[in-house]
Amino acid sequence: MAIVLVTSASGAPGVTSTAVGLALVWPSTVMLADCDRTPAQAVLAGYLRGTDASGIGLTGLARAHREGRPLAQAIANETIPLAMGEVRRTFLPGFPTPGAAQLFNQAWAGLGDAFDALSRAGVDVIVDVGRIGPQGPPPGLLTHADSVLVVTRTNLPALSGLRLHLPVLTDSLERLRGTVTGLGIVLVGEGQPYSSKEISDLLGSPVAGSIPHDASAAAVLGEGTDEPRRYGDSRYIRSLRTLSSQIVASMAEQRRRIVGVR
């Protein structure tokens, strides 16, 4: 199964909206995890419309780590429903305060192991890690990630910022895994003004897919606004379904190469 990290370089390209959207259209059982080390409670306040997690989430996992309990066992009690439906979709809330994120430093490796255990048990994990930052996403998560998606707008300021921060991510992947396989750029508003090929050539990284720059559609996922009529059939949601299919297909191809299956 899969562990997918979603991140960005700077600005507000729509990382959380993209992560929530992928979790909502993902074809199999999935858990969305808020692992942003600069916490904003964006999913609880936005898509979940002010839901109170009541200490559930990374706070509970930090407690389990202090008590020496395996996070792979504790995580089952630290999630809340993300959406109802035939496919089970849950959410692991993030840090309630910036200080809580600092206290979690020793637990990231255990959390990565817990995500890996979930993945092997048939639960895909989509992780919102926020911005890349000066040190990159937590190594404990990068080590287990099957796919790392970097969300960006396609204008010059966004691409200039990404060009500055992307080497931090690629260096981390090379150091931890010896390869940047699985890294892909997700474009928000392709052609506004730069194309997929231009961006791939500029950054030296493949484009994993694109979604429209549609502020009102993204606000449903990022801010919890009411869904407009026929939202489920909108171009925005269709693009998320296409992106999820492309990610799943890409990871399947990676696995075939690793085991030598043609």
Arrange the peptides 61-70, 147-156, 80-89, 206-215 so that the one whose residues have, on average, the most other Cβ atoms within 10 Å appears first. 147-156, 206-215, 61-70, 80-89
For segment 102-197: rounded, prolate or oblate by the Cα gyration tensor [a/c cutoff 1.5]: prolate
With no solvent and one equal point scatterer placed on each C-alpha of segment 139-192, evaluate the Debye formula and give log10 I(q)/I(0) for q = 0.28 Å⁻¹, two decimals. -1.09
Give a residue-ordered list of calculated ³J(HN,Hα) values for segment 158-175 (Karplus: 6.51 cos²θ - 1.76 cosθ + 1.60, θ = phi - 60°; whole Hz; x for Gly, Pro). 5, 6, 5, x, 5, 4, 6, 8, 4, x, 4, 5, 5, 5, 4, 5, 5, 5
Name the residues whose placed amide hydrogens come within less than 5 Å of the amide hydrogen of Val207, ignoring near sequence neighbours (fewer than 5 apart) on the same chain. Ile185
Roughly speaking, to the nearest percent, how much of the chain's 1.4 Å accessible area is carbon and sulfur? 51
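Rounded to the nearest 500 deg cm²/dmol, what is the calculated helix-only ellipticity per residue at 222 nm for the chain, with -39500 (n - 2.57) per DSSP H run of length n ≥ 4? Show your work: numbers first, answer last.
Numbers: 11 runs with 113 residues, N = 262.
Only helices count here, giving -13000 deg cm²/dmol.
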Can you tell me the dipole magnitude for the chain around its Cα centre, using point charges on the Cβ only (Lys, Arg +1; Asp, Glu -1), in Debye to the nearest 20? 400
In square angstrom, what is the accessible area per residue of segment 12-118 with a 1.4 angstrom probe? 45
Going by a ≥ b ≥ c, the root eigenvalues of the Cα gyration tensor, does the chain fall in the rounded group (a/c under 1.5), the prolate group (a/b larger than b/c) or the oblate group? rounded
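Grab the eigenvalues of the alpha-carbon gyration tensor for segment 147-262, scale each by 5, take roots, and send me the semi-axes largest first in whole angstrom.
On the way: eigenvalues 146, 77, 30 Å².
Taking √(5λ) for each Cα gyration eigenvalue gives 27, 20, 12 Å.
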Taking max minus min of the Cα coordinates of segment 2-120 on each principal axis, largest first, gives extents in Å of 35, 33, 27
Charges on Cβ only, +1 for Lys and Arg, -1 for Asp and Glu, centred on the Cα centroid of the chain; of Asn105, Ser147, Ala74, which one is farthest towards the dipole's positive end? Ser147
Within the chain, percent of DSSP bridges classed antiparallel, to nearest 5: 10
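The values are calculated or read from the model by the stated rules, or taken from the named source; none is laboratory data. The structure displayed is predicted, hence computed values, not measured ones. Note: ideal-geometry Cβ built from the backbone for every residue, glycine included; neighbour counts use all protein chains shown. Side chains included, ligands, DNA and RNA excluded: accessible areas come from the protein's heavy atoms. Shrake-Rupley method; radii C 1.70, N 1.55, O 1.52, S 1.80 Å.
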